Amino acid sequence: MPLTDSYGRAIRDLRISITDRCNYRCVYCRTGNEGAQFAELPLADYLRMARVFVSLGITKIRLTGGEPLMRRDIVQLVRELSALRTPTGARPELALTTNGHLLAEMVTPLKQAGLDRVTVSMDAVDPERFARITRVKGSYPAVLAGLRAARNAGLGPVKVNCVLLRGFNEDQIEAFGRFACDEHVAVRFIEFMPLEEGRVWSPQVVVPLAEILERMARFAPFEEIAHEPSSTSRRYRFADGGEFGIIAPVTLPFCGACSRIRLTSDGKIRTCLFSLREHDLHAAIRSGLPDEELVRIIEHAVAHKEERHHIGEPGFVQPGRTMVHIGG
Ligand code: SAM
């Protein structure tokens, strides 16, 4: 029996942030003035918490941050996570979300350690625009090299996540269509959520699903791929096989099908990106408590998972932690 919340949702996906440091300062995510704000833990502690989660039926673990490749010991963590087994004896699926800057040189050891899949974040496919967004010179060629290395190493299907903001990069949609076809990657556009340091979010900044489809049709015709009702993304295929998707948490929320739980770099459980309350799992480790106590804290957190987010509603409260400090 998997972990199940009070709304009947099975919790299968764990996202672990292993640092809230990042080597990019993407303008829509960070002000550029804030650094790391929360502790990062010894790998053994993430591993222990992950082991308990997996014993409770988590089948997929995604490592994220901050920028997870800032921790060079990530290879060791992947190796040890890969040795975990679910109650049915299966190996958990291991994925990584990265900005890709350091990926090219780490792809082979990560693959050998047991990593299954990589998602690379890219918000433009134009080198100058990319450098302006990330505030790092030479970022585009570095990320492109990382993405290609991941694809060639078989860490795929490689997905590319692009956050769209009106007046900022929605003119890149058609170019991303071309990029998806040329590079054989699945591009997924993600609606911008109110989780940024600079508090620039407004409903007007969100580029909604309908508009993305309208713009992409100017690049090439495509058809929708059938999806599970629980799927968090809508997927579309171009005639030549290229693919793109849209994740629309704001205009097409999928909270009813959410199977996720998050662990922050300092060991706090968050049951929603927009949680206003965290559950301190690492406190149990610091206090020397046994695994049974970690199980109790996890089950308590899952039982209190929020029904849905309230983005755009009157009274919406933006959480104190922003995306880079939660783990996207
Ligand atoms: N550094 C890694 C990376 O770049 O993929 C992992 C962490 S980053 C916070 C994860 C993802 O969150 C990135 O794709 C980023 O674009 C996205 N993101 C950041 N702020 C966001 C926001 N306010 N709304 C939606 N996505 C956001």
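The values are calculated or read from the model by the stated rules, or taken from the named source; none is laboratory data. Keep in mind the model is a prediction, meaning the values are calculated, not measured. FYI the Cβ positions are ideal-geometry reconstructions off the backbone, even for glycines, and counts take in every protein chain you see. Accessible surface areas use protein heavy atoms only, side chains included; no ligands, DNA or RNA. Shrake-Rupley method; radii C 1.70, N 1.55, O 1.52, S 1.80 Å.
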Checklist entry - Mind checking which of V78, V125, V317 has the largest fluctuation in a GNM of the chain, springs on alpha carbons under 10 Å? => result V317
Next on the checklist: Using a Förster radius of 45 Å, what is the FRET efficiency between D291 and F316 based on their Cβ-Cβ separation? Nearest 0.05, please.
Outcome noted: 0.75
Checklist entry - How large is Rg/Rh for the chain, to two decimals, with Cα atoms and a Kirkwood Rh? => result 0.94
Checklist entry - Which angle between 0 and 90 degrees, to the nearest 10, do you get for helix 43-55 versus the longest principal axis of the chain when only C-alpha atoms count? => result 90 degrees
Next on the checklist: Please compute the modelled spin-label separation between S202 and E228, points set 7 Å along Cα→Cβ, answer in nm with one decimal.
Outcome noted: 3.9 nm
Next on the checklist: Test of understanding: what is the full-extension gain from E170 to D73, defined as 0.36 nm times their sequence separation minus their Cα-Cα distance?
Outcome noted: 31.3 nm
Checklist entry - Taking all protein chains as present, what is the carbon and sulfur share of the accessible area of segment 11-150, in % to the nearest whole number, probe 1.4 Å? => result 50 percent
Checklist entry - Hey, what's the per residue convex hull volume over the C-alpha atoms of segment 80-216, in cubic angstrom? => result 145 Å³
Checklist entry - Ignoring ligands, DNA and RNA, what percent of the 1.4 Å accessible area of segment 231-272 is carbon and sulfur? => result 49 percent
Item to check | 0 to 90° range, to nearest 10: angle between helix 209-219 axis and the chain longest Cα axis | outcome: 40 degrees
Checklist entry - What are the semi-axes of the equivalent ellipsoid of segment 204-328, taken as the square roots of 5 times the eigenvalues of the Cα gyration tensor, listed largest first and rounded to whole Å? => result 36, 17, 13
Item to check | Expected 222 nm ellipticity per residue - DSSP helices of 4 or more, -39500 (n - 2.57), all of the chain, to 500 | outcome: -9000 deg cm²/dmol
Checklist entry - ³J(HN,Hα) across segment 115-129 via Karplus (A = 6.51, B = -1.76, C = 1.60, θ = phi - 60°), whole Hz, x for Gly/Pro? => result 5, 9, 9, 10, 10, 10, 8, 8, 10, 7, 10, 10, x, 5, 4
Item to check | Accessible carbon and sulfur surface of segment 158-216 relative to its total accessible area, %, 1.4 Å | outcome: 54 percent
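Tell me the per residue accessible area of the chain using a 1.4 Å probe; a whole number in Å² is fine. If you can, show how the numbers build up before the last one.
Values: 13620 Å² over 328 residues.
Here the residues of the chain average 42 Å² of exposed surface.
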Next on the checklist: Can you compute the FRET efficiency between A90 and E128 using 1/(1 + (r/R0)^6), with r the Cβ-Cβ distance and R0 = 35 Å? Round to the nearest 0.05.
Outcome noted: 0.20
Checklist entry - What percentage of all Cα-Cα pairs in segment 146-268 are separated by more than 25 Å? => result 30 percent
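I need the calculated FRET efficiency for the pair D182 and H304, taking r as the beta carbon distance and R₀ as 41 Å, to the nearest 0.05.
E(calc), rounded to 0.05, equals 0.35.
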Checklist entry - What order do you get for 163-171, 61-69, 9-17 when each peptide is scored by the mean count of other beta carbon atoms within 10 Å, highest first? => result 61-69, 9-17, 163-171
Item to check | Partners for K305 among lysines (Cα-Cα distance below 26 Å; same-chain residues under 8 apart left out) | outcome: K60, K268
Item to check | Rel. contact order, % - alpha carbon contacts under 8 angstrom, at least six apart, the chain | outcome: 22 percent
